[in-house]
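Q: Can you keep this structure in mind? I'll have questions shortly.
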């Protein structure tokens, strides 16, 4: 009896395990400026260049706002999530390669807890970058039609999207055990963003085939949900679509990543 | 002179072989320009409805002019990555032992860049023609367009070679890519110069690539006006970056790489 109690005392609770892994994940992100800086700099550069180059698009009859910056504001949040994905997957790929994951497999830690802990750094990065992009927009004159509560919903949705998409990165990282494989997925994610309503509202896309692709592309609805908070206000349909798609991606990716982790642990 | 071209050809042959034999190099080089053409010409086609958009051949042709020049520039830059990698792994050091005139190495890499670009242009042109892009000028305009693209390609590879020969590491990638990326996107990429507004119009006004892009689009449209200064801009850039690449190679020779 006393031995069992002693053993239980020695085993940290799952919450403590998650906190320790989350701390490691956050510190690891902070200690790699090379991975943090692109997540802020590149979406900001794209925001500046595209809003400058496409500013006159608001003169297209039927364009939903007279500020292209407000229209395009949703994009950096998605791009930030993309960079977070690459970071999360690459970090886990490294953990597989350096056998850190194999050592964790010797502990009683459940795989889902490992996943949550690993994603803490990414979520922190996503949260900070969302605040950064929002601040940039506000400084350059964007006013959120959904007001201050909308800003919180926007940051919450952006973080949920980052969590969902990062879980895909983790799944690939664990399955392949290679950071390079995750980096190799970057162009594919990039394609998803480009073939969406990122630069133009879907009804104003003239090429039929592109409009159809954008309509079937889930990235369009993630972008449109964030965009609605900026230029429309409280659009229940756009928000519902965005949240549902983000949640579905998160559930599928987390299940896939957890399964991949379990398989990896079993092999270990 | 024969020796010079022997060395250049040997470097080119190796580079072309690596490029063609390795899908990791071949596919992105081919797919990305096609993707940009598809995404811009398709997704932004509504721009043709902006009052004042008066490019007669249409928005798809407008974007085709951009993608040809972009593929030329990035084809040169990506070849710069190979130069940097060869320096980092010590391959260039061995090559330099067998090359009396080390600039032959740069010429060899430029031939690789040209091969890459020609391959991409061929595919792009076939697809563009299939989706309705038409050359509204005559043979002279077509030759003029691809000559312009060739000059951009050589200027870009000389710029990238200058960076690669000075830094001699693959970490020089962003230093080659970012300036080219910025100069490209600070030009009238999405809409004609006259429709730009604000800070980007001022940036585009002083960006030499604006003249090059406008000339490419004029040549596709068959006139009636041509921004001939585009050739002056690209020849000027070529002269500057040729000097940059030659001095870079000398710097590498001095460093014993």
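All of the numbers you see were taken from the coordinates with simple rules; none came from a lab. None of the values given here were measured: they were computed from a predicted structure. Using ideal geometry, Cβ is built from the backbone for each residue, glycine included, and neighbour counts are taken over all protein chains shown.
Q: As a test of the definition: which semi-axes, in Å, follow for segment B:137-237 when you take the square root of five times each eigenvalue of its alpha carbon gyration tensor? Largest first, please.
A: On the way: eigenvalues 140, 67, 17 Å².
Its equivalent ellipsoid spans semi-axes of 26, 18, 9 Å.
Q: Residue B:147 to residue B:253: FRET efficiency via 1/(1 + (r/R0)^6), r the Cβ-Cβ distance, R0 56 Å, to the nearest 0.05? Intermediate results must be reported in sequence, preceding the final value.
A: On the way: r = 32 Å, r/R0 = 0.58.
That pair, residue B:147 with residue B:253, gives E of 0.95.
Q: Any idea how far the Cα center of segment B:79-125 sits from the one of segment B:142-221, in Å?
A: 20 Å
Q: Between residue A:234 and residue A:107, what FRET efficiency comes out of the Förster formula 1/(1 + (r/R0)^6) with R0 = 30 Å and r the beta carbon distance, rounded to 0.05?
A: 0.05
Q: Show me, bin by bin at 5 Å from 0, the whole-percent P(r) of segment A:73-220 based on Cα pairs.
A: 2, 10, 16, 17, 17, 14, 11, 7, 4, 2, 1, 0
Q: Sorted from largest down, give the three principal axis spans of the alpha carbons of segment B:1-153, whole angstrom values.
A: Dimensions of segment B:1-153 along the principal axes of its Cα atoms: 61, 32, 24 Å.
Q: Please give the residues of segment A:20-63, grouped as numeric ranges, whose backbone N is less than 17 Å from a label point set 7 Å along the Cα-to-Cβ vector of residue A:128.
A: A:22-44
Q: If you don't mind, there's one more thing I want to ask. When Cβ neighbours within 10 Å are restricted to other protein chains, what is their mean count per residue of peptide A:56-63? Show your work: numbers first, answer last.
A: On the way: counts 13, 8, 1, 7, 7, 4, 2, 3.
What the average comes to for A:56-63 is 6.
Q: Can you tell me how much longer the chain between residue B:239 and residue B:31 gets when fully stretched, taken as 0.36 nm per residue apart minus their C-alpha distance, in nm with one decimal?
A: Stretched fully, the residue B:239-residue B:31 segment lengthens by 71.8 nm.
Q: Separate question: For segment B:178-229, compute Rh as the Kirkwood radius over C-alpha pairs and then the Stokes-Einstein diffusion coefficient at 37 °C and 0.692 mPa s; write the answer in µm²/s, rounded to an integer.
A: Numbers: Rh = 11.2 Å.
In µm²/s, the coefficient rounds to 292.
Q: Please find the FRET efficiency linking residue A:19 to residue A:59, where r is the Cβ-Cβ separation and R0 is fixed at 56 Å, and quote it to the nearest 0.05.
A: Working: r = 53 Å, r/R0 = 0.94.
Calculated transfer efficiency: 0.60.
Q: Would you order B:214, B:141 from fewest to most other beta-carbon atoms within 10 Å of each residue's own beta-carbon? Spell out each step's value before the answer.
A: Working: B:214 21, B:141 18.
Starting with the residue having the fewest Cβ neighbours, the order is B:141, B:214.
Q: Right, another one. Taking 0.36 nm per residue of separation and subtracting the Cα-Cα distance, what length does fully extending residue B:126 through residue B:17 add? Could the numbers behind the result be given before it?
A: Details: separation 109, 0.36 × 109 = 39.24 nm, distance 2.36 nm.
The residue B:126-residue B:17 span can extend by a further 36.9 nm.
Q: Let me know the shape class of chain A, please: from the alpha-carbon gyration tensor, a ≥ b ≥ c as square roots of the eigenvalues, rounded when a/c is under 1.5, otherwise prolate if a/b is greater than b/c, or oblate. Intermediate results must be reported in sequence, preceding the final value.
A: Working: a/c = 2.29, a/b = 2.06, b/c = 1.11.
Note, shape of chain A comes out prolate.
Q: How crowded by other chains is B:194-205, given as the mean number of beta carbons from other chains within 10 Å of each beta carbon? Before the final figure, lay out each step's value.
A: Numbers: counts 1, 5, 5, 3, 4, 3, 8, 3, 1, 3, 2, 0.
Per residue, the average neighbour count from other chains is 3.
Q: Then there's this: Please give the Cα centre distance for segment A:137-172 versus segment A:192-268, rounded to the nearest Å.
A: 13 Å
Q: Using Cβ contacts closer than 10 Å as the measure, can you line up A:254, B:118 from fewest to most? Before the final figure, lay out the partial values.
A: Numbers: A:254 21, B:118 16.
Taking fewest neighbouring Cβ atoms as first place, the list is B:118, A:254.
Q: Mind sorting B:81, A:152, B:159 by how few other Cβ atoms lie within 10 Å of their own Cβ, fewest first? Could you put the intermediate results ahead of the total?
A: Numbers: B:81 17, A:152 12, B:159 26.
So the residues, fewest neighbours to most, are A:152, B:81, B:159.
Q: Can you give the Rg to Rh ratio of chain B, both from alpha-carbon atoms, with Rh computed by the Kirkwood formula? Could you put the intermediate results ahead of the total?
A: Working: Rg = 18.7 Å, Rh = 18.8 Å.
Here the Rg-to-Rh quotient is 1.00.
Q: Okay, moving on. Averaging the inverse of every distinct alpha carbon separation and then flipping it gives the Kirkwood radius. What is it for the protein assembly as shown, in angstrom units?
A: Values: mean 1/r = 0.0398 Å⁻¹.
Kirkwood hydrodynamic radius for the protein assembly as shown: 25.1 Å.
Q: Sorted from largest to smallest, which semi-axis lengths in Å does the alpha carbon gyration tensor of segment A:56-143 give for its equivalent ellipsoid, taking the root of 5 times each eigenvalue?
A: Values: eigenvalues 327, 30, 19 Å².
Over the Cα atoms of segment A:56-143, the ellipsoid semi-axes are 40, 12, 10 Å.
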